[in-house]
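Just so you know, all these numbers are worked out from the coordinates, no wet-lab data involved. Note that this is a predicted model, so its numbers are computed, not measured. So basically every Cβ, Gly included, is an ideal-geometry build from the backbone, and we count neighbours across all protein chains shown.
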Amino acid sequence: MTSVHSLGFPRIGHKRELKKALESFWSKEIDEKELQSRAAQLRDRHWKIQQTCGMDLIPVGDFSLYDHMLDMSCTLGAIPPRYGFSGSQVGLDTFFAMARGSSTQPAMEMTKWFDTNYHFIVPEFHENMTFSLSSERLFDQVKEAQALGIKAKPVLVGPITYLWLGKEKDLNAEAHHEAQHHHDDSACHGHGAPVGNACFDRLTLLPKVLPVYAEILERLAAMGVDWVQMDEPALALDLPAEWRKALESAYQTLSKGKSPKILLATYFDSVADHAEILKALPVAGLHLDLRRAPQQLDTFLKNYPAEKVLSLGVVDGRNVWRADLDAGLKLLEPAHQQLGERLWVAPSCSLLHTPVDLDQENELDAELKSWLAFSVQKLDEVAILGRALNAGVDGVAQELATARAAVHSRKTSPRIHNPAVAQRLEGLGQDDGQRKSPFPAREAAQRARFKLPAFPTTSIGSFPQTPEIRKARLQNRKGELSDTDYQKAMEAEIALVVKEQERLGIDVPVHGEPERNDMVEYFGEQLAGFAFTRHGWVQSYGSRYVKPPLIFGDVSRPTPMTVAWSQYAQSLTQRPMKGMLTGPVTILQWSFVRDDQPRERTALQIALAIRDEVKDLIDAGIGIIQIDEPAYREGLPLKRKDWDHYLNWASRAFRISAQIAPDDVQIHTHMCYSEFNDILPAIAAMDADVITIETSRSQMELLDAFATFNYPNEIGPGVYDIHSPRVPSVEEMVGLMEKAVKVVPAERLWINPDCGLKTRKWAEVTPALENMVEAAKQVRAKH
Ligand code: GLN
Ligand code: ZN
């Protein structure tokens, strides 16, 4: 019999119980015992759901109170010395100090898990560190599952992925705070590797970490565990040769000890490059992601070793659409013929990245709902596929027919296919979206129109989202505050923000975005082709969850989305009010995207909708428009060979949205991160007149890359870190601008914060901006 299994289940709970439990624990409303008991209830419930769905093997250890990489660090005893851990078992205090910081120590660094929006805690490595089994957590959970009669398949992050995702740290640098500002130029690493601040190779730690893995495996075997899942998603990246070799030697070493059978799980992209190594690896099974990379199956089926299990992920663990079960079966059948019961069926990856249960969505219309599947439904789909393979399709004829009908309805629904949108896209043809004139001509036209001083000051868009603003929005949603009153409240806020900027002397003011709950949701709610769920939460990090919009159909913009607000703000000032939009790539990236057409096509549709908004803003007299693209880099594919294709359509989508602007309209964009080096040409290709970026935390070092590349347009390097409540001094900001002037021609520089101010308090924002405007004056006087 073909087994069906899942690689991981969402941990947050149907009603976000985990968030509530954690936050109550952090605010000391409940104690550790209560927290652990609620966590155990969630695990219990999730295991039973998976059992009821018919899963033969159920993941254990995928549950985490914060993050599974952090759990792995604790299990391996990889605790940075600054947390003062000395015992034999990492306690919750240390665990949460690492995750969130403590009164004496900052938290560990966090970064995105591959190309998902899930963030993990980055392991820190130092040269002479040792590893030792320092947590009973996994074994306790296995016992817990076994006691409930659950067929547990413990899940571990494999040693190669664990080491690959960590960073080398210099313990001496940690002592004085230089650590954060020291940016190593990758001299010690192969490309694509995370960059630490110490020059040793973390791969040298492998021989030290393997004995702990071996010990874990031995203990699991002693507990009667049959299979263990080792997640090695790093294999989907371009791994350097020495890491590929290390993969072989690591699993050779582990195969020598007592161990349950190992299922090595890969996901998020093809691992065909390593097919020969993987087939020969001394593990009992492999898992492949056939949603992202169906073409890799043939490579693996060819001479697939007898005895080895092949688990195929055919149900999408990264998206919310109901599976095309016929297509899934077609993919599975040849493998089934060849492998028989050595074929397993699963979702493509852990379900951590999809919402929990569609059954809870009682506000979605029936048609839309019939197109969707969340985690629970995805396991049902996996089970149906398993039954079809084991007992023939007749036994599941009804289920297959329902799925087929949903696929058909989605293919043909007029709600999805809008001929006008299709026509518009065709009309674009090969048009690459260039503005009318090249940048120098535009710059001249804009200077003549706006007559801004040298080093103009501006901000990134949002001003503090005060409790009053959030309360008004909530009341409006609940019907307790009328639309008119809500609008009045927001206008009052805009008036305040504009007045404050006038008083401060900001050259290019903004309206402050009080009316926006979220920079993507705000637009999604007004665009056709988008839908919203009530409970479609997925974990972003720790107790922070996001509820991405669903893009289900062709995107268009029925009516203006921001014009009235911007127009109102402009009516209050003589200065040029900057209009504020979210860009097509960011809207795409932070939504669940339709899978029935390439992402780039959806991006172009959004680009055209944004272009309509740009046009209406211009017609309403707005002369400066910012199109934010903070997720531009995040959309990069995992493998370098796919980068060009992505960057081509991403920059084109941006240009298409901005193209309509005449020469004397100034288009800004904003990106808030500091890893630009390898994508600068693609950023230049967006051809925004002004780009504002985050630089203050890297002490303007980032600008060197812009200078070396000869970035042609204007730049606003952030002069203060909005992530911190600290008010930066005038001298500090002048100092940063002095650095900037050395590498970028003075006439092309702007002065602004690193990012939007919405999470800050007015008490921090006002003095910080006062200092920023004063800094601008001093810089102007000198240059
Ligand atoms: N305009 C947005 C703001 O200021 C930009 C936010 C972002 O870059 N993430 O809030
Ligand atoms: Zn930003």
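Amide H neighbours of residue 231 under 5 Å, at least 5 residues apart or on other chains, H built in the peptide plane: list them.
Here the answer is 156, 157, 158, 265, since their amide H atoms fall under 5 Å of that of residue 231.
Within 9 Å, Cβ to Cβ, of residue 155, how many net charges do the neighbouring residues add up to if Lys/Arg are +1 and Asp/Glu are -1?
-1
In the range 292-346, what is the volume of the convex hull around the alpha carbon atoms, normalised per residue and reported in Å³?
77
Kindly write out, for the range 458-475 in residue order, the coupling ³J(HN,Hα) from the Karplus curve 6.51 cos²θ - 1.76 cosθ + 1.60 (θ = phi - 60°), rounded to whole Hz, with x marking Gly and Pro.
The phi angles translate into 7, 10, 8, x, 7, 10, x, 8, 6, x, 5, 4, 5, 5, 4, 5, 4, 4 Hz.
If amide hydrogens are placed 1.01 Å from N in the peptide plane, which non-local residues have theirs closer than 5 Å to the one on residue 580?
Distant-sequence amide H within range of residue 580: 626.
How high is the relative contact order of the chain? Use alpha-carbon pairs under 8 Å, at least six apart in sequence, and give a whole percent.
11
What is the set of long-range amide H partners of residue 62 at a cut-off below 5 Å, with H atoms built 1.01 Å from backbone N?
Result for residue 62 returns 155.
Please go through the range 339-429 and write out the GluC sites (Glu not before Pro) that DSSP classes as loop and that have at most 14 other C-beta atoms within 10 Å.
363
Per 10 Å bin from zero, what fraction in whole % of the C-alpha pairs of the range 51-129 is there, up to the bin with the longest pair?
Binned Cα distances yield the sequence 16, 46, 25, 10, 3.
Counting helices only, and only those DSSP H runs with n ≥ 4, report the 222 nm mean residue ellipticity of the chain as the sum of -39,500 (n - 2.57) divided by its residues, in deg cm²/dmol to the nearest 500.
That comes out to -13000 deg cm²/dmol.
Hey, what did the range 1-127 get for relative contact order, percent, Cα under 8 Å, at least 6 apart?
Computed over the range 1-127, the figure is 22 percent.
For the chain, go through all pairs of different Cα atoms, get the mean of 1/r, take its inverse, and jot down that Kirkwood value in Å.
27.9
How high is the FRET efficiency from residue 215 to residue 402, r the C-beta distance, R0 51 Å, rounded to 0.05?
Calculated value: 0.60.
So if we plug the beta-carbon distance of residue 709 and residue 422 into 1/(1 + (r/R0)^6) with R0 = 51 Å, what FRET efficiency do we get, rounded to 0.05?
0.85
Work the Kirkwood hydrodynamic radius out for the range 236-380: mean of 1/r over every pair of different alpha-carbon atoms, inverted, in Å.
Hydrodynamic radius (Kirkwood, Cα pairs) of the range 236-380 is 16.5 Å.
Are there trypsin sites (Lys or Arg not before Pro) in the range 701-782 that DSSP marks as loop and that have at most 16 other Cβ atoms within 10 Å, and which are they?
Loop-located and lightly packed - 726, 761.
With θ set to phi - 60°, apply the Karplus curve 6.51 cos²θ - 1.76 cosθ + 1.60 along the range 535-544 and write out the HN-Hα couplings as whole Hz, x wherever there is a Gly or Pro.
10, x, 7, 10, 6, 9, 7, x, 9, 8
Which trypsin sites (Lys or Arg not before Pro) in the range 266-323 sit in a loop by DSSP (not H, G, I, E or B) and have at most 11 other Cβ atoms within 10 Å of their own Cβ?
Within the range 266-323, the qualifying trypsin sites (Lys or Arg not before Pro) (loop, at most 11 other Cβ atoms within 10 Å) are 302.
May I ask for the equivalent-ellipsoid semi-axes of the range 442-482, computed as the square root of five times each C-alpha gyration tensor eigenvalue and listed largest first in whole Å?
They are 40, 13, 7 Å, listed from largest to smallest.
List the pair-distance distribution P(r) of the range 640-783, using every Cα-Cα distance, as the percent of pairs falling in each 10 Å bin from 0 up to the bin containing the longest distance, rounded to whole percents.
Per 10 Å bin, starting at 0, the Cα pair percentages come out as 11, 39, 33, 15, 2.
What would the Debye formula give as log10 I(q)/I(0) at q = 0.11, 0.23 Å⁻¹ for the alpha-carbon point model of the range 1-75, no solvent?
-0.32, -1.08
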